[in-house]
Amino acid sequence: MTDFTLKIDSDGVGVITWDTVGKSMNVMSRDSMALLNDLFDQAVNDDAVKGIVITSGKDSFAGGMDLNVLAAIREEYKDDPAKGLFEFTMNGHHALRKIERAGMDPKTNKGGKPVAAALPGTALGIGLEVPLACHRIFAADNPKAKIGLPEIMVGIFPGAGGTTRLVRKMGAMAASPLLLEGKLNNPQGALKAGVIDEVVPADELLDAAKAWVLSEPKIVKPWDEKGYKMPGGAPYHPAGFMTFVGASAMVNGKTQGVYPAAKALLSAVYEGALVPFDTALKIEARYFTQVLMNPSSSAMIRSLFINKEALEKGANRPEVADQKVSQVGIIGAGMMGAGIALVSALAGIKVVLIDAKQEAADKGKDYTATYMDKGIARKKATAQKKEAVLGLINATTDYDALKDCDLIVEAVFEDVGVKADVTAKVQAVTGPDCVFATNTSTLPITELAKAAKDAEKFIGIHFFSPVDKMMLVEIIKGAKTGDVAVAKALDFVRQIRKTPIVVNDERFFYANRCIIPYINEGIRMVKEGVEPALIENAAKLVGMPLGPLQLTDETSIDLGVKIAKATKAAMGDAYDDAQDEVLFWMFDEGRLGRKSNSGFYAYDEKGKRQGLWEGLSAKYPTADEQPDLIDVQHRLLFAQTLEAVRALEENVLEDIREGDVGAILGWGFAPWSGGPFSWLDIIGSPYAAERCDQLTEMFGERFKTPDLLREMADKNQSFYGRFSAKAKAA
Ligand code: NAD
């Protein structure tokens, strides 16, 4: 069996079917690209073939390129990887351009054989770039299918002609959400947007595509005809000029200039629009190679694609039998419990949702009803689906309802006593195989496990808020947690389609441990007289989604005060309280953040953020001399990164891949960097250690170079070189 096969039907249509061996979805490898090329040659040169249809043997068309290919090319062309990557890209262009020209005479555009793409379902990345090279794209009317070019999400851009073809087909303005934001559409949406050409019932797909290729259609692409004008205007056309100026401003505004792929994409589009099509493809290939050669892109591909997927597939799952959850009991139907109930029911898992009062349990269930209503309004769900999902949730105060649950997720108040009480009440009903998980954000798992009958079956499953949006779930092993509980947690996370990391039990686990120093560093700078706007902008310019002051407002000042007090009580003299004065003052002023419409920022009555609050600099005047931007940025980045390194040193993290993926998905650590360990690898351990020495001298011991980093700097080692043979850069 091979990934592509060619069958010439009696009606004279050559059907090329893509069916990647051993995968549930088609992915393009180097070999399969070469095979497609050969089969196309065979079909187009065969006199018996009147037209060609490219389709799939699966219920989707293709998920994209196998990005591991890029790592293989780098390895193969060690001395000159750019050469290897450019040649690989140009080979792809030649193969797809051949499909597009389909044997037409280069001068007269006469002759050639019609080629249609027939997409039974999802078509992403190169899975759409191949169809874009065909003469007409048919898709089955499958509302669940996703069609688009999501490359930008992993730090690259469509480099197999998708960029050049889509812009020429739709115009730069219309193509921009698809290229710059990786927006995906279902088939009807893709038809409306002009990405594909026809949507037909699934059982008529192949016949429709065949009928079209046999109808002697016109097949010359508009850009291969004389006098072609780009829809919406090329850059020197008045309308086109406005588009490109606007797009450039928008990209820089959104990316703060830290994402090389977005800039390169825009350059490829702009420069490509000024030249003939084949030259534009070459320009696209050059920018694509430039992006692939940027360490940020390799790091993003590694963390956001390769390693994220590996973790989702259970890279660190203990080898025990399948632990799929059939019924989950959720205790506490507040903000978190309601969200966990929603994502569980959406995954088809039966839920028992318990709260102390029936109204509270019902309110928790209503969260799912409201969520589904919004989906119905946006045509993403149906009334039947809503009924089915709600039918899975039993909202009650009756603990007996938990007796058949195989997993419990406790999300009651953050209080050891309340949690212990609930644990005992639950375990009076549940069976011995039921795994008990707590969603605590700050309390030690080992401590909470003391209230459980069997500490081996006790674990932390830490969700982030809002549960339905946040993709990371942090699984925390207590000192006695056993393999079955870990597997249960991982299988549950897989069922609800989120990304897990597994860490050991230390104060604040992993994510909160790293984000708290970021917030604290921002607040202590306020006290030092650093301009609040400088603090916030420095964070954004280095790729953090929210500045530390805005983040404090979002998570609330009272939560900050609570954590500060608890940490001080636990750490005693070792606690560094430099940020507390500002935090406590804000609390005393009643400025609790977004929820009180007042915090480090001012808000209007509707809760819209207005700008930094002027009273802040009245109380903490800004210094005449302000620090350099890079120092502020490094304070903010190292505050998080050094905590990640310490978590690795202390074995809280067992796998740096989890450290990187968890940082990006959990708290938005500068995604362009690929995560804290990838960032240290980009800047290099010798420089990182030297910089820590400087920061320590300027700002204090919290920047002290961790022993591990010092040792690695002395040996000039990288984290991925030293810790992860499996996770080489893509
Ligand atoms: P919440 O106050 O919104 O909800 C808690 C719910 O638990 C309430 O509905 C309350 O009535 C119920 N409850 C309290 N005692 C109970 C008992 N004995 N029996 C049954 N129900 C009881 O709180 P939340 O924000 O949903 O947080 C819940 C847990 O999740 C806490 O441990 C918190 O630390 C953790 N957590 C919160 C966040 C967050 O961002 N809010 C993030 C991660 C983890």
Run the 1.4 Å probe and let me know the accessible area of Leu346, rounded to the nearest 10 Å². 60 Å²
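Do me a favour and compute the ellipsoid semi-axes for segment 547-705 from its Cα gyration tensor, root of five times each eigenvalue, largest one first, whole Å.
The three semi-axes for segment 547-705 are 29, 19, 18 Å.
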Cα-derived Rg to Rh of segment 320-374, Kirkwood definition: 1.03
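Taking R0 as 60 Å, what FRET efficiency do you get between Ala569 and Asp31 from their Cβ-Cβ distance, rounded to the nearest 0.05? All intermediate terms of the calculation are to be shown ahead of the outcome.
Working: r = 61 Å, r/R0 = 1.02.
After rounding, the FRET efficiency stands at 0.50.
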Report the antiparallel proportion of the DSSP beta bridges in the chain as a percent, rounded to a multiple of 5. 30 percent
Env charge @ Thr368, Cβ radius under 15 Å, K,R +1 / D,E -1, value +2
Here, segment 119-263 modelled as identical Cα point scatterers in vacuum has Debye log10 I(q)/I(0) at q = 0.12 Å⁻¹ of -0.53
I want to make sure I understand the PRE zone here: with the label point 7 angstrom from the Cα of Lys226 toward its beta carbon, which residues in segment 270-299 have backbone N atoms less than 11 Å away? none
So what's the Cα pair-distance distribution over segment 490-637, bin width 10 Å, in %? 11, 37, 33, 15, 4, 0
What is the distance, in nm, between label points placed 7 Å from the Cα along the Cα-to-Cβ direction at Lys619 and at Ala420? 3.7 nm
Using amide H atoms built 1.01 Å from N in the peptide plane, name the residues 5+ places from Met28, or on other chains, whose amide H lies under 5 Å from its own. Gly64, Met65, Asp66
For Thr108 and Asp278 in the same chain, what is the full-extension length gain: residue separation times 0.36 nm, less their Cα-Cα distance, in nm? 59.5 nm
Please list, in order along segment 555-571, the HN-Hα scalar couplings obtained from phi with the Karplus expression 6.51 cos²θ - 1.76 cosθ + 1.60 (θ = phi - 60°), rounded to whole Hz, x for Gly and Pro. 8, 5, 5, 5, 5, x, 5, 4, 5, 4, 5, 5, 5, 4, 4, 7, 9
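With r defined as the distance between the Cβ atoms of Ser215 and Asp19 and R0 fixed at 30 Å, what FRET efficiency is calculated, to the nearest 0.05? Intermediate results must be reported in sequence, preceding the final value.
Values: r = 27 Å, r/R0 = 0.90.
Once rounded, the FRET efficiency stands at 0.65.
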Taking amide H atoms as placed 1.01 Å from N in the peptide plane, list the residues 5 or more away in sequence, or in a different chain, whose amide H sits under 5 Å from that of Leu407. Gln327, Gly329, Val435
Pairs of lysines 8 or more apart, or on different chains, with alpha carbons under 25 Å: count those in segment 573-730, would you? 7
Rank by packing, highest mean first: peptides 707-720, 226-239, with packing defined as the count of other Cβ atoms within 10 Å averaged across residues. 707-720, 226-239
Could you give the length gained by full extension between Asp9 and Leu541, i.e. 0.36 nm per residue of separation minus their alpha carbon distance, to one decimal place? 185.8 nm
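What shape does segment 345-410 have by the C-alpha gyration tensor, where a ≥ b ≥ c are the square roots of the eigenvalues, rounded means a/c under 1.5, and otherwise prolate means a/b greater than b/c and oblate the rest? Walk me through the intermediate numbers first.
Working: a/c = 2.89, a/b = 1.76, b/c = 1.65.
Prolate shape, in that a/c is at least 1.5 and a/b is the bigger ratio.
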Between segment 226-247 and segment 286-356, the Cα center-to-center distance that results, in Å: 42 Å
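What value does segment 590-629 have for Rg/Rh, both radii from Cα atoms and Rh as Kirkwood defines it?
On the way: Rg = 12.4 Å, Rh = 11.3 Å.
Result for segment 590-629 is an Rg/Rh of 1.10.
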Subset of Lys457/Lys477; Lys324/Lys374; Lys113/Lys221 violating a 20 Å alpha-carbon distance limit: Lys324/Lys374
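What relative contact order, as a whole-number percentage, does segment 562-678 give when Cα pairs under 8 Å and 6 or more residues apart are counted?
Working: 73 pairs, mean separation 12.1, N = 117.
Rounded, it is 10 percent for segment 562-678.
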Hey, can you rank 243-249, 469-475 by average C-beta count inside 10 Å, highest first? 469-475, 243-249
Quick one: grab Rg to one decimal and Dmax as a whole number for segment 587-670, Cα atoms only, in Å. 17.8, 47
Using a probe of 1.4 angstrom, how much of the accessible area of the chain is carbon and sulfur, in percent? 53 percent
Sequence-distant or interchain residues sharing an amide H contact under 5 Å with Ser56, placed H: which? Trp18
For a quick protection proxy, order the peptides 528-539, 305-316 by their average other-Cβ count within 10 Å, most packed first. 528-539, 305-316
How large is the accessible surface of Trp212 in square angstrom, using a 1.4 angstrom probe and rounding to the nearest 10? 40 Å²
So if each residue of separation counts as 0.36 nm, and I subtract the Cα-Cα distance between Asp38 and Thr696, what length gain in nm does that give? 230.8 nm
Each residue of segment 285-296 in order: what ³J(HN,Hα) in whole Hz does its phi give by Karplus 6.51 cos²θ - 1.76 cosθ + 1.60, θ = phi - 60°, with x for Gly and Pro? 5, 5, 5, 4, 5, 4, 5, 5, 7, 7, x, 4
Under the rule of -39500 (n - 2.57) per DSSP H run of 4 or more residues, summed and divided by the residues of the chain, what mean residue ellipticity at 222 nm is obtained, to the nearest 500 deg cm²/dmol? -14500 deg cm²/dmol
Against the 2.2 N^0.38 Å scaling, with N counting residues, where does segment 413-491 land? I'd like the Cα-based Rg ratio to two decimal places. 1.05
With axes computed from alpha carbons, what is the tilt in degrees of helix 629-649 against the longest principal axis of the chain, rounded to the nearest 10 within 0 to 90? 80 degrees
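Only Cα pairs under 8 Å and at least 6 apart count here; give the relative contact order of segment 111-261 as a rounded whole percent. Intermediate values should be presented prior to the final figure.
Details: 236 pairs, mean separation 41.0, N = 151.
Relative contact order of segment 111-261: 27 percent.
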Give me the one-decimal nm value for the distance between modelled label points at Asp468 and Met335, 7 Å along each residue's Cα-to-Cβ direction. 1.6 nm
Give me the one-decimal nm value for the distance between modelled label points at Arg609 and Val245, 7 Å along each residue's Cα-to-Cβ direction. 2.9 nm
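Could you grab the relative contact order for the chain? Cα pairs under 8 Å, six or more apart, rounded to a whole percent.
The normalised contact order for the chain reaches 9 percent.
Distances longer than 19 Å among the Cα atoms of segment 225-350: what percent of all pairs is that?
On the way: 5525 of 7875 pairs.
Across segment 225-350, Cα pairs with separations above 19 Å total 70 percent.
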Going by Cα centres, segment 443-495 and segment 50-116 are how many Å apart? 45 Å
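Excluding ligands, DNA and RNA, what is the solvent-accessible area per residue of the chain at a probe of 1.4 Å, expressed in Å²? Don't skip to the end; give the middle numbers.
Numbers: 31260 Å² over 730 residues.
I get 43 Å² per residue for the chain.
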Can you divide the C-alpha Rg of the chain by 2.2 N^0.38 Å and report the result to two decimal places? 1.04
Segment 35-166 shape via C-alpha gyration tensor axes, a/c threshold 1.5: oblate
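The values are calculated or read from the model by the stated rules, or taken from the named source; none is laboratory data. Bear in mind the structure is a predicted one, so any value in this text is a computation, not a measurement. So basically every Cβ, Gly included, is an ideal-geometry build from the backbone, and we count neighbours across all protein chains shown. Calculation scope for accessible area: heavy atoms of the full protein, side chains included, ligands and nucleic acids excluded. Shrake-Rupley method; radii C 1.70, N 1.55, O 1.52, S 1.80 Å.
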